[in-house]
Structure formats: structure tokens, C-alpha cells
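The structure under discussion appears below in the form of C-alpha cells.
The values are calculated or read from the model by the stated rules, or taken from the named source; none is laboratory data. Bear in mind the structure is a predicted one, so any value in this text is a computation, not a measurement. Positions of Cβ are generated from backbone atoms using ideal geometry, with glycine treated the same way; all protein chains shown enter the neighbour counts. Ligands, DNA and RNA are stripped out before the accessible areas are found, and what is left, the full protein with its side chains, is counted by its heavy atoms. Shrake-Rupley method; radii C 1.70, N 1.55, O 1.52, S 1.80 Å.
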Amino acid sequence: MNDMLFSFINSDPVTANSDGPLKNLLISLHPNISVAKWPTDAGSAALENYRPIEDATVVKRLKDQGAQLQGLTRMGELGFGVASDTAHLLISQKKSDAALVVDTMGEARYLSALAGAWGFKPSYGICSRSGLIGLVPSMECISMICASARQMADIFSVIHGQDANDFSMLWDGLPEFDAPEEKTGQVRQAGIISEQLAELDSQEKKAFENALAGLTQKGIKIKECAFPSYPLFRNVHQIKGSTEASSAAGRYDSVRYGRRAKDTANWNDMYLESRKEMFGSLVKSYLFQGAYFQFKNYNAFEHAARLRSLLVKQCRAIFKDVDIILSPARRRTCDALKAVTVSDVYDAFTLTLPASVTGSPAVCMPGRVMAGDMDLGLQVMGPHLSDKMLLNFAIEMSQENTRN
Amino acid sequence: MNWQERTGCGNVGKDDVGREIQLQGWVDARRDHGEVLFIHLRDWTGIVQVVFQETESKDMLETAQNLREEYCIEITGRVVARAPGTENSSITTGTIEVTASALSVLNASVGLPFHISEKAMVAGAVVGTPANVAEDLRLQYRYLDLRRPSMQDNLIKRHQIIKSARKILEDRGFIEVETPCLTKSTPEGARDYIVPSRVHPGEFYALPQSPQLFKQLLMVSGLERYYQVARCFRDEDLRPNRQPEFTQLDIEASFIDESFLFELIEEIVSQMFAVGGIDLLRPFPKMCYQEAIATTGSDRPDLRFGLRFVAATDLFTNTSYAIFKQILKRNGCIIGINVKGQSEALSKNVLQNEYAKQIVPGFGGKGMTWMRMVDGKLDSNIVQFFSPAEQQDIIERFECEDGDVLMIIADPSYALATKVLGQLRLHVADRLGLIPKNTWSPVWVTDFPLFDPTETGGVTSTHHPFTAPDRTDFDPQNVSDLLSLKSRAYDIVLNGEELGGGSIRIDNREVQQKIFTALGLTPEEAAQKFGFFLQAFEFGPPPHGGLALGIDRIAAMVLSTRSIRDVIAFPKNRSAFCPLTHAPSLVSHEQLAELELLNLGGGEAMPGKAEKNLLETLSWVSRIGIREEEALMIKTAVEQAEKLATQIQARATDEEPMFSVIPLQNRTRPGREAVAHFGVENGDLLTNAAEVKGDFFKVANIIE
């Protein structure tokens, strides 16, 4: 197997329970999801040679249900940006059936559009993040890229659910999600956001309108909704995300793991020098933005947190009128794989940020928003905890794909 | 509130069996058996078991079933003897229990950040201790931490320690006088905490580092015997066991000499330690400074064990061993210790690779010579360089027997050699377990040098410039004469820790002026610094002297706590920060403006706070260094962050801040107990570390 695509290949992927519901399913993982004894370095020298001492909760569940864990993909440093990512290639080259990736600003949805495959980011707080080496605790979700919608639903039914080791999870009222259902017609009314449409260029708009036409044929009504606060999503995500990252990255101190700078005079020097060496320039820029909010302008962080409340509330109001909100998953001209600066990264993910900020679930469907040969992905976002409806809808739509 | 009828939980005993009593307190722990429910009820007198039974009242049992840890409740009930076999020896009331007939919840408690209960409900069960909880979390919820019986006991004992001292002082006619906290900088040598004055814009008070000047002024006033439990403040660098503010028992008396104070302080210290059941043997021995340095390398000698220094310089006058020869040529000294019978624990490898190569250089020494006594002969990597006569001299001088290990330090500087060997002495004693437990060795250290030499060839006060010298006929211009002066200062040391110190003060204006001259202060400079103080000494001051004892450290020693923070109700953490109140904190622009602190120095940047580049500040506070080639990129990113902040400020909202889309949940989940991670138990947690030493992560020096 081409190890340019893998940062680590598991020589013996067959798990003990080879008769489980996920038997024979080949799954690769972002190297920031802990697997005991695997080199899970999250693409960063901050975790150089780091080998977790126990499995992430989702990994335990996958193993228990017979999935074959192939190994670790490559990824952008600490999950910020997708510049070095290989998860989508493993799917498009049919080397893996599914890849578990971490979605903080839309990575799973973006990469699945690139792969021409299915992508799914669940509601925040229903899938354990225990064992995830994260960067933005309040937004990141363990998500997936998958060759088939049904397998995506099967995997999710295994990995979701309460975990006493994750204190950030929903504790009461966690929805049941056992198995996908053959239930059609749950989605009747779809919304599109005027302010989002206004940002698209003519080719993107045309591709998106074609996709909408396909849905209309299926009897789904499309409603254009105004969302005047929509432009705030980016600011709120960036201020909250960078601040949380700056705070979360405090753990990379070169003491318990990670690269240690040589010959430092004292404790402060050890931190300064080790952390100078261990972070790449992109992630470091993001951490400095966060440090600015954390230490110099906490008011801005708090204000962003207030605006997040506002955005969540307004989004909820839109979902009173519609079952889902549709948009393309990625822009045509902003290439996340080539992003160098923090701005480049955010430019590439503008369309996926709302679901991350509001903790909403979102599916990305392949083959529907086509700008020429380029699959922009159809992003279907549902209200918080509507994961079951979204996955059923994905299966329904995938069956139509095969019929066509 | 029916407080007259209340019984203390810890005061209920066998004699009360059959009595109806009323208890108030907190639910320490509970065991629910369905038809019967047990709780431990705790107040500050102790813990008693209360039983709620369906047979008494179904409603009451239902209410009891909703009780959770730390609910504040009131019960009425009857004391009954426990059935044989159900006694609980872990609480003092374990032979009885109280059958509740009425229960009322005074106030409920939300879920706890950590468990408070320290007493098992059934014999042999494991309970949490403060050591298992992160200290900053304890400090953040200090009011809960102080509900622990062990912490309450610490504060109660601290109170008794101070009370015992007050009693002795009052019996002897001392009076307590309060001195100001807002004062002027005093000459203690550490940095002051300063307090801006609003009515005198741009001017500052200083918080006292000690009441030194005021207590001496009280002596001038004729208040002959003074004491105070005084709060003192020092803005010093961080140390694990140092607090920015601390409490000292400050004492001063007139018309007395050292013998008065020694007797008084020994009585006070003995009574303080008696609170912890510790008996100190009196009178405390005295040791002069020179002897302390020559035999232990420290002016805080730990006399609980031997390992006294042996001077050996004279044995090597004619040696051919090059290293010693060179050191002696530079007027150096050679001193050592004989670690009796430890050649098995101190192998060649340990001596050479750990002590000589790592530990001694870590103390600032250039090297260490070691020898082991084997079969009546010295054995070492360098023993061949010594003549048979020298070897014999060494054996005799150090009184060597088989199994002994000699550790020898040679250095051109006597001060350095003694300091290094002193630290080595403590290290070896600790490592080999040579320090006996429950042994208390107090000692007075006396005859300190009055001055220390400075690097520029002058002198500086060893204590403070008001300490009396042992003679007054010195020449203030003659440095070697000054360095030969001894002071009338004394420190009280216990087990190598300084409990306090003091001195007989200068009461003569001319002598004081000579001291200032020796320190290089002109009369004008002295007047500017201490004018008010010196002027007072023009008016017939009495001879006087005094001492101060460090209460926090004494309480920590008496109670054998791991940290002095355990004997202080609301301490700062190791970083001089208070996790409870979040002090120190920023203050508003308006507050600074009112104090006229914003435009100190006119249009210039504030004095002492040169406007630091934002990038440098962020790099420092987040401890991330910047590579040269990425500086521009990071600068651009931070500018963008500033822009983002400006953009969102324009969008007003009064929504509550949302930190997560999932409402925050209680940290302590039902049915979950704090357990040590298996990685801690089997050492796996250490496997990813860059550097490890034993069971610890190894890091760079915390203090240079």
C-alpha cells in the first residue's frame, strides 16, 4: 500500500470480533484520534513520537464491532487546515471504505466533496471526543468521509453515544440512533440562505441551482431565507476557535510528550524554545491570534461568545420553517489544500463554518453540485440532534443516485 | 434557629444514649439501603452517623433519600448504641448513632468539584485526601476545601499556636500594638508592594516588609514590651513554599539583653510546638556562625544527624595530586565528610557518575573527590596519587573504618567549598535515610558577621543596618576591620529551617552614623532614607532588641503539613495568584485614571513599563518563541485578529455568552469516583516524555 497516503500502516487490521456489524469494513483514521501504541502525532512535532497509552472511545467501539483499522492518514498540523491531508485520497482511490477525520471548520465535508464521496459531521456533543487530540474543544467533532451513505450511517450508529469519559457531551436527552431506517419523505422543506447565495460566483450559483432543481423534482420545496447575521459566522468561529486553540495548546509543553528544545537555561526558556520549534508557522499564527484574545482582548472573546448565542438562536428560528438548510460544501476558487495563511484557511471553509459554530449536524452529498468536472459537494445541514433524519435522507438520496 | 438546644456532632457519646438531641451540619457521606438510609453528619466538632428509617416516617425517609453530599441540614433524633460489629472506629462517635425523627434541609448544595468527606462510613473503606485533588482546584473552592476536618484542624491548631504565644507574652507584661500597613519603604532588602495614593496623585505607600522601624520607635516611645501578630509583604521571586504575604510574631523589648530574649523565645517556641505534641529539649544549644559554617556549611544547620565536616587542608600541604596542589596554591581549602558504613549504597558508579559528575556541579561545585574504605585501605579512582603517608593521615583524620565513604570538596573559595559540601551533606543524608524521624533539634545561631563583602570591595549589612555590632571601636573606612565585626544578631533554627531571627539594636546615634558611613551612605543620604527614624534616636532612646518568628512556617512544621499553604486559610498559589478571587487582576481604565497612573511621566510611557511590542508580549505570555522567518506572517495574523475584534464590537448584543452549544454539566458525574489512571499506576504515563528521572518528568531548572 502506498505509504505516502498513510503516516502509519497497521500490519494486522483484523480485530477480535471479526463477526461484528462492521466486519470487513476498512477504516483509516486521522492521526489525532488515539489508538494505543500507534504514532498518533496529529501531524505536529508537538506530539513527536507520541504513542497513546489507550484507545479513543470511538476506536474501542469500532474495534468491538469488527471494523478493520488500516492505519493513520496524514493531516494538517493539529487539524488546523487540510494542506497535508490524505484522507480524501484513500477514499477516492478506494483504499479505505471510510476515514474518521476531525471536523472543526468543515474538514470532513470539504474533503468528502474533494473525494466525490459522502461526508458527515454529527451534532456536537453526541459522539465522544475522549481520546481525540483536539484543538478547538467547543466545535470539533469526530466525523467521517465514506464511500457509501449506508456505511456512513452504520459506522455512526456504532461510534456515537454516551461516554462517561467525555464531560463535554450531552448527558440528558441524548437521542437514540441504532440503525438507519428505510424511511422516506421526512425532508419536505429545504432552506437556502440569501446572504450565502450572494457570495457565490456565477458558476457556483449555476451548479447549486442545478442541484436544487434535482431536489425540487423529488418534491422538496425550496425556500429562500434571510440571515442578516450570516457574515458573523466567520468572525465568531475565528475568535472563539483561535482562543480555544491557544488555551488547548498550552498542554504542549515538551514535558509529558513532544519535542523538547535542547540546552535551555531554565523552565521559561524550555517552554519558549520548545514551543518555538514544535509548532509550524500556520498553526503558530492561529495560536498567536488566540493569545491576543486570551491575554490582550478578552472582551472580544466574550463578545464573540455572546454573538455565538445570537447565531445559534437565529439559526434555530430558521429551522422552525425548514427541515434542512442547503449550500455547496466548498468554494470553487479557494483551494484549502494550498492554504498558507490563517486567512486562506478560513476563505476555503466559509460555507461550512455555520454548522461548526452552531453544533449542527451536516451531511455532504457527492455528485450533485457540479461546476464542470468539479464536485463542490451538496451540504445538507439540519437542526441540532437531527442526525438520524439527515442520515436517513442521505441513504434515500444515495439510492436515487444508483437508480439514475 | 434553636441554637440553644444544639449538640455538636462530635460531642455525642455513649453517655447520651437514650437522649433526644438536635444536630445541625453538613452531609459528609451517605449510604442508601432503600428502607433505611445512613448519613455521616459533620460539623466542626466532628462526625456522627444519623439513621433515617421508613418506620419513623416515610416522608422523612423520602426527603433523606434526596440528600446529597454537603447539604446543610438539621435533624432531631434519639441517640442509640450501635449493635456490636457495626461500630465504626474511623470516627470518634463510632460506637453510637442517632435515629432521626425529624429532618429539615436548611440549604441544598450543587454538585461538588471534589469530594470533601475524609471519613469512611464503613471500616476499612478508602477515602479521598486533599493530595488527590489539584491544588488550584482546592484553592478555587477554598471554602469547600476548608470543610475538610483535616484542614479545619490545621486552622484550629494554628489558632492555638498563636494563642499559646500570646498567653506567654501577656503573662510577662507585653502589650500588642498595631502598626500601619500603609507605610514607607523599609530597609529589608526585598521588593516592596506599593499602593498608589489617590489624594497624593503619583505618590505611593509601601506595604511593610516587617514592622521593624515602628517597633523600634515604640521602644523610643517607652512602650517597653511590645508584640504584634503582624502581616508582612515581600514582592520576591517565586519559590514553591513562599507567600507574597506572611504572618510573623514580632517582639521587641527595652532594657534587656540576649539572655532575656533567648529564655522568652525558647518558652514561646516550646509552647507552640507543644500544640502538636512535640517536646523540645531546653535550653536550646547555641552555635556560633563560624562553627555552623565550618561543620555543616550552613547558617541554618540541621543537627538531627552527624556528617559533620572534617577539615583536611593541612594534610595535603606537600601533596603531588595536581588538583589539590593547585587549589592549595590559591589558598584554597579541602574539607570532607565521612559517610559511615554506606559503601554499599554509594557504589563507585553512584559516586563518580551521579555525585561527582551531576549532583555536585549542580550545587555549583567544580568537582568532588571520593574514597571508599575497603579491607583497611582507601579505594578510589585517584587514590594512587596520594603517598602512603597521606593515605594514612586521611584514614586517621576522617576516622575511617571499612565500609566508610569519604566525600571531599576542594575549592579555592572557602565560602563555596563549605556551601557545596553543606548541600551535599543534606543530599546524602536524605538519600540514605540518615535523618531520624520525629527528632527535633533546635539551635541558636549567633555571632553572625555584621557585614558581608560586596563585589565592588565595599560592605553590606548581613541583617539590617540597625543591628548592633559586638564592639564599637571600629574604623568605618577600614574594610577588613569591618569584615571582622560580629553582630549581636541571632537566628533560631530547627531541623535546618529558620524559625525566626532578631538582634540587639543600635541605640547610639554616633554608632549608627559610623555604620552608615561604613555602608557608604553620606549623612544626607542616610537622612533622606531614614531621617524620621534617625531623628527619633536623638531623643534618648533606650537599649533594646527583639525578634520575629515566622508563624506560617512554624505552624507547617508543628502540623507536619506538606506545604505552608495548608496552614493558611486563603493562600496564594505557587505563582502568587489567588484562584478563588483571581487576584491580582486588571483594574479599569477609570480606576487608573482616578489614581492618575495613566499619565505618570506626562506624554512618556509609564515609568518601569516601557511599551512592549505586542508580538513580544504575546510570545512571552503564551510561551511560544518566534522563528525569524515567520515573524512577518505572525505579525500579519495578529493584526488581523485586532481587526476581527473591531469588526464584532460594532455588532451589539445582550445575549449570554455561549462557550459550548451543550450546557455545561457537573464535573462529578453520578456514579463516578475519582480513580488513579492506570498509566499512573504502571508508569505508562512517563513513556512519551522527553526526559524522565525515576517516577518524575524531568524539566529544565525552575529557578536559576
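Given A:29, A:89, A:5, which one is in contact (Cβ under 8 Å) with a residue 60 or more places away in the chain, open to solvent by 50 Å² or more (accessible area, probe 1.4 Å) and in contact with a Ser or Thr (Cβ under 9 Å, 6 or more places away or on another chain)? So that I can check it myself, show each step before the final result.
Details: A:29 fails: open to solvent by 50 Å² or more (accessible area, probe 1.4 Å); A:5 fails: open to solvent by 50 Å² or more (accessible area, probe 1.4 Å).
Just one listed residue meets the conditions, A:89.
Filtering the stretch B:506-530 down to residues that are outside any helix (DSSP H, G or I) and of a type in the set (Val, Ile, Thr), which residue is modelled with the highest pLDDT?
Taking the stretch B:506-530 and keeping what is outside any helix (DSSP H, G or I), we get B:506-508, B:519-522.
Pick out the ones that are also of a type in the set (Val, Ile, Thr) and you get B:506, B:522.
Values: B:506: 96, B:522: 86.
Only one residue tops the list, namely B:506.
Take residue B:124 and decide whether it is assigned by TED's automatic domain parsing to the domain that holds residue B:7, over 30 Å from residue B:582 (Cβ atoms) and either at pLDDT below 95 or open to solvent by less than 40 Å² (accessible area, probe 1.4 Å) (or both).
Details: assigned by TED's automatic domain parsing to the domain that holds residue B:7: no; over 30 Å from residue B:582 (Cβ atoms): yes; either at pLDDT below 95 or open to solvent by less than 40 Å² (accessible area, probe 1.4 Å) (or both): yes.
No, not satisfied.
How many residues are open to solvent by 40 Å² or more (accessible area, probe 1.4 Å), acidic (Asp, Glu) and touching an Asp or Glu at 6+ places or on another chain (Cβ under 8 Å) when one looks only at the stretch B:177-225?
Of the residues in that region, 0 qualify.
Could you please find all residues in the stretch B:322-343 being open to solvent by 100 Å² or more (accessible area, probe 1.4 Å) and polar (S, T, N, Q)?
B:326, B:331
Would you mention how many residues in the stretch B:470-520 are within 30 Å of residue B:437 (Cβ to Cβ) and acidic (Asp, Glu)?
The qualifying residues number 3.
Looking at A:343, A:309 in this structure, which one is facing chain B (nearest Cβ under 10 Å), more than 18 Å from the chain's Cα centre (by Cα) and within 27 Å of residue A:375 (Cα to Cα)?
Numbers: A:309 fails: within 27 Å of residue A:375 (Cα to Cα).
Answer to the check: A:343.
Scan the stretch A:219-233 and tell me whether some residue there is open to solvent by 20 Å² or more (accessible area, probe 1.4 Å), hydrophobic (A, V, I, L, M, F, W, C) and within 26 Å of residue A:374 (Cα to Cα).
Checked against the condition, which is being open to solvent by 20 Å² or more (accessible area, probe 1.4 Å), hydrophobic (A, V, I, L, M, F, W, C) and within 26 Å of residue A:374 (Cα to Cα), the stretch A:219-233 yields at least one hit.
Contact list please: Cβ distance under 7 Å, first residue in the stretch A:47-74 and facing another protein chain (nearest Cβ under 9 Å), second residue of a type in the set (A, V, I, L, M, F, W, C) and in a loop (DSSP other than H, G, I, E, B), pairs at least six apart or on different chains.
Hits for this filter: A:47/A:133; A:51/A:38; A:52/A:35; A:52/A:36; A:53/A:36; A:54/A:36.
Just one of B:250, B:237, B:257 is under 27 Å from the mean Cα position of the chain (by Cα), surrounded by fewer than 16 Cβ atoms within 10 Å (Cβ to Cβ) and of a type in the set (Asp, Glu); which is it?
On the way: B:250 fails: surrounded by fewer than 16 Cβ atoms within 10 Å (Cβ to Cβ); B:257 fails: under 27 Å from the mean Cα position of the chain (by Cα).
None of the others qualify; the one that does is B:237.
Where in the stretch A:260-346 are the helices (runs of 4 or more DSSP H), entirely inside, with at least 2 residues that are closer than 30 Å to residue A:145 by Cα and among the hydrophobic types (A, V, I, L, M, F, W, C)?
On the way: elements: A:267-278, A:281-291, A:298-321.
In the stretch A:260-346, A:281-291, A:298-321 are the helices (runs of 4 or more DSSP H) which contain 2 or more residues that are closer than 30 Å to residue A:145 by Cα and among the hydrophobic types (A, V, I, L, M, F, W, C).
How many of the residues making up the stretch B:303-352 are among the small types (Gly, Ala, Ser) and within 28 Å of residue B:286 (Cβ to Cβ)?
Quick first cut of the stretch B:303-352, residues among the small types (Gly, Ala, Ser) only: B:306, B:311-312, B:320, B:322, B:332, B:336, B:341, B:343, B:345, B:347.
Within this subset, residues satisfying the condition of being within 28 Å of residue B:286 (Cβ to Cβ) are B:306, B:311-312, B:336.
Total meeting the criteria: 4.
Within the stretch B:266-280, can you find the residues that are part of a loop (DSSP other than H, G, I, E, B) and touching an Asp or Glu at 6+ places or on another chain (Cβ under 9 Å)? Let's see the steps before the verdict.
Let us first name the residues in the stretch B:266-280 that are part of a loop (DSSP other than H, G, I, E, B), namely B:275-280.
Passing the criteria: only B:280.
Among the numbered criteria (1) at the interface with chain B (Cβ under 7 Å from one of its Cβ atoms); (2) under 19 Å from residue A:339 (Cα atoms); (3) of a type outside the set (S, T, N, Q), which single criterion is violated by residue A:241?
Evaluating residue A:241 over (1) at the interface with chain B (Cβ under 7 Å from one of its Cβ atoms); (2) under 19 Å from residue A:339 (Cα atoms); (3) of a type outside the set (S, T, N, Q) leaves (1) as the failure.
For the stretch A:130-163, how many residues meet the condition of being in a loop (DSSP other than H, G, I, E, B), farther than 18 Å from residue A:64 by Cα and either free of Cβ contacts under 8 Å to residues at least 40 places away in the same chain or open to solvent by 30 Å² or more (accessible area, probe 1.4 Å) (or both)?
First pass over the stretch A:130-163, keeping only residues in a loop (DSSP other than H, G, I, E, B): A:130-131, A:133-140, A:147-148, A:161-163.
Retained after the next criterion (residues that are farther than 18 Å from residue A:64 by Cα): A:133-140, A:147-148.
Subset that is either free of Cβ contacts under 8 Å to residues at least 40 places away in the same chain or open to solvent by 30 Å² or more (accessible area, probe 1.4 Å) (or both): A:137, A:147-148.
Within the stretch A:130-163, residues that are in a loop (DSSP other than H, G, I, E, B), farther than 18 Å from residue A:64 by Cα and either free of Cβ contacts under 8 Å to residues at least 40 places away in the same chain or open to solvent by 30 Å² or more (accessible area, probe 1.4 Å) (or both) number 3.
Might you check whether a residue that is touching a helix residue (DSSP H, G or I) at 6+ places or on another chain (Cβ under 9 Å), open to solvent by less than 10 Å² (accessible area, probe 1.4 Å) and part of a strand (DSSP E or B) occurs anywhere in the stretch A:39-57?
Within the stretch A:39-57, not a single residue is touching a helix residue (DSSP H, G or I) at 6+ places or on another chain (Cβ under 9 Å), open to solvent by less than 10 Å² (accessible area, probe 1.4 Å) and part of a strand (DSSP E or B).
Given B:70, B:97, which one is modelled with pLDDT of 95 or more and in a loop (DSSP other than H, G, I, E, B)? Break it down stepwise before answering.
On the way: B:97 fails: in a loop (DSSP other than H, G, I, E, B).
The match here is B:70.
Say whether the condition of being open to solvent by less than 20 Å² (accessible area, probe 1.4 Å) and among the basic types (Lys, Arg) is met by at least one residue in the stretch B:34-49.
Yes, the stretch B:34-49 contains a residue that is open to solvent by less than 20 Å² (accessible area, probe 1.4 Å) and among the basic types (Lys, Arg).
Conditions (1) of a type in the set (A, V, I, L, M); (2) within 14 Å of chain B (Cβ to nearest Cβ), marked per residue:
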site	(1), (2)
A:99	yes, no
A:140	no, yes
A:164	yes, yes
A:167	no, yes
A:171	no, yes
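If the requirement is being within 24 Å of residue B:351 (Cβ to Cβ), of a type outside the set (Phe, Trp, Tyr) and part of a helix (DSSP H, G or I), which of these qualifies: B:419, B:366?
Details: B:366 fails: part of a helix (DSSP H, G or I).
Testing whether each residue is within 24 Å of residue B:351 (Cβ to Cβ), of a type outside the set (Phe, Trp, Tyr) and part of a helix (DSSP H, G or I) leaves just B:419.
Among the residues of the stretch B:615-635, count how many are within 7 Å of chain A (Cβ to nearest Cβ) and open to solvent by 30 Å² or more (accessible area, probe 1.4 Å).
Residues flagged as within 7 Å of chain A (Cβ to nearest Cβ) and open to solvent by 30 Å² or more (accessible area, probe 1.4 Å) within the stretch B:615-635 amount to 5.
Among residues belonging to the stretch A:247-291 that are in contact (Cβ under 8 Å) with a residue 40 or more places away in the chain and open to solvent by 20 Å² or more (accessible area, probe 1.4 Å), point out the one that is nearest to the other protein chains (Cβ to nearest Cβ).
A:257
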